[in-house]
Amino acid sequence: MKKHLSFKKVSLMMVFVIAASFAANAQLYINEFMASNDNAFPGPQGDYPDWIEIYNAGNEAVNLAGYYLSDKLDDPEAMYQIPDTYPDSVTVPAGGFILFYANKNEETSVLNLNFKLKGSGEQIGLWNPDQEFIDSLTYGPQTADISYGRYPDGGDSWFFMEDYTPGAANHNPSAATVTLYINEFMASNDNAFPGPQGDYPDWIEIYNAGDEAVNLAGYYLSDKLDDPEALYQIPDTYPDSVTVPAGGFILFYANKNEETSVLNLNFKLKGSGEQIGLWNPDQEFIDSLTYGPQSPDTSYGRYPDGSETWYFMPEYTPGAPNAGPNGIENHVSNISTVKSYPNPFFENTSIEFALKKSDNVKISVYNISGEEVAVLANKRFDAGKHVIDFDANDLPSGIYLVKIHSSEGNSILKITKNK
């Protein structure tokens, strides 16, 4: 059964859709791609190339001559510019699709690119002729002859698709219903929750939203989304111990003590921030998140269970339904929209967020080691949308985490500064 990877977790194995400064940008999406086209879809030149589909959700055709595509989000020199020699061939109609072939054969067709895609996972980015960011994604390991695409077209949810649809609308992957979620975890368990072996391990909770129990023997967990060799396979020696009931929860302990229990893992979690991924026995991606700096003895979890919204939870609930971020049932976060643009950026970017009601908000920026490098705001904001400019000229290139903290929940946003 195919599963999808949600990128809002923090996202995602993480995907950003950035609104650029002109209207047409918001209408173009990287919509579907195949990074391991062994024998699935022949290209127009008789080969079986990797391919990338662009979807135009707007009401007008867009000529993509002069636009850029790349498999490197942090290297402007590597961007491939779509030629303007045959504009009709690179124009995507309103509500339509266009395919580009990642086969390193750019000299023979304006639809061919100067790079190939890695089946083990990498990045894809789209820029306008002014090199303003339009859309990107970072994807994990792919399966041969299976595409990865959005449903609905241009939406936020991605699915593996055996029934790939290059150049056409994506099908509803109803057979790919997700029932398993990384639902809550604690990456800095100093003295909060003792494990069954008397230690205080990091822990990861899996939630089964389905109607049937799932035996997780043979499934994989890891703190590295881009390294298949690092995946830890859950043992099958005691299947009852690793079965998560329908509508229930199971805990795994990230304590590097995998030899003593089938519930222990061969890695620990970093309190400064890293990644968590879940794969099925065929190493097909199910769920992941990239998280930022954590607070000691505080978990980070979804509310409601299996939803897209994550909170820091001092009232942690390992193995049980999550309460609200303050331990209050039916609690709704006061923070709604959170995004940045451009992202990645070269010198500065803008952080946009919206509040449902007036609240005290602190906006801090952390480097990947968990050090606070900037405080963008620490004051009371009125209800509505707000934009905060972040001048990062004095900071080195790299990945940064923006933490937006309010009295009723927090949001973490990953941003990338290029050279």
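For the reader, a short list of remarks on this structure follows.
- Taken over the stretch 341-399, the criterion of being at pLDDT 90 or above, of a type in the set (F, W, Y) and either in the same structural domain as W127 (by TED's automatic domain parsing) or under 30 Å from D71 (Cα atoms) (or both) is satisfied by F390 alone.
Conditions tested, residue by residue: (1) closer than 18 Å to I98 by Cα; (2) over 16 Å from the mean Cα position of the chain (by Cα).
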{"position": "P141", "(1), (2)": "no, no"}
{"position": "G149", "(1), (2)": "yes, no"}
{"position": "Y164", "(1), (2)": "yes, yes"}
{"position": "A168", "(1), (2)": "yes, yes"}
{"position": "Y207", "(1), (2)": "no, yes"}
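- Residue ID - modelled with the lowest pLDDT, chosen from residues in the stretch 319-338 that are in contact with an Asp or Glu (Cβ under 9 Å, 6 or more places away or on another chain) and either assigned to a strand (DSSP E or B) or surrounded by 22 or more Cβ atoms within 10 Å (Cβ to Cβ) (or both): P325
- Within the stretch 191-239, the only residue that satisfies the criterion of being of a type in the set (D, E, K, R) and closer than 12 Å to L263 by Cβ is E205.
- Pairs are defined by a Cβ separation below 7 Å, a sequence spacing of at least 6 or placement on different chains, a first member in the stretch 199-214 that is over 13 Å from A320 (Cα atoms), and a second member that is of a type in the set (V, I, T) and surrounded by fewer than 17 Cβ atoms within 10 Å (Cβ to Cβ); the pairs so defined are A213/T243; V214/T243.
- Scanning the stretch 56-80 for residues that are among the hydroxyl-bearing types (S, T, Y) and farther than 13 Å from V90 by Cα turns up S70, Y80.
- Elements of type strands (runs of 3 or more DSSP E) contained in the stretch 339-381, each with 2 or more residues being of a type in the set (K, R): 372-381
- Being farther than 15 Å from G277 by Cβ, outside the structural domain of D282 (by TED's automatic domain parsing) and crowded, with 16+ Cβ neighbours inside 10 Å is a property that D145 lacks.
- Residue match in the stretch 12-30 (condition: surrounded by fewer than 17 Cβ atoms within 10 Å (Cβ to Cβ), out of contact with any strand residue (DSSP E or B) (no Cβ under 6 Å at 6 or more places or on another chain), at pLDDT 50 or above and not polar (S, T, N, Q)): no
- Some residue of the stretch 238-245 being of a type in the set (A, V, I, L, M), farther than 30 Å from V365 by Cβ and either part of a loop (DSSP other than H, G, I, E, B) or touching a residue at least 24 places away in the same chain (Cβ under 8 Å) (or both): yes
- Tally of residues being in a loop (DSSP other than H, G, I, E, B) and over 17 Å from Q27 (Cβ atoms) across the stretch 128-144: 7
- Exactly one residue out of L117, L137, L99, L113 is surrounded by 21 or more Cβ atoms within 10 Å (Cβ to Cβ) and over 19 Å from the mean Cα position of the chain (by Cα): that is L113.
- Going through (1) in a strand (DSSP E or B); (2) outside the structural domain of D394 (by TED's automatic domain parsing); (3) surrounded by fewer than 19 Cβ atoms within 10 Å (Cβ to Cβ) one by one, Y253 falls short only on (3).
- Test: residue in the stretch 65-86 that is in a helix (DSSP H, G or I) and surrounded by 18 or more Cβ atoms within 10 Å (Cβ to Cβ): no
The values are calculated or read from the model by the stated rules, or taken from the named source; none is laboratory data. All figures in this text were calculated on a predicted structure; none of them were measured in a lab. Counting neighbours? That spans all protein chains shown, and the Cβs are built from the backbone with ideal geometry, glycine included.
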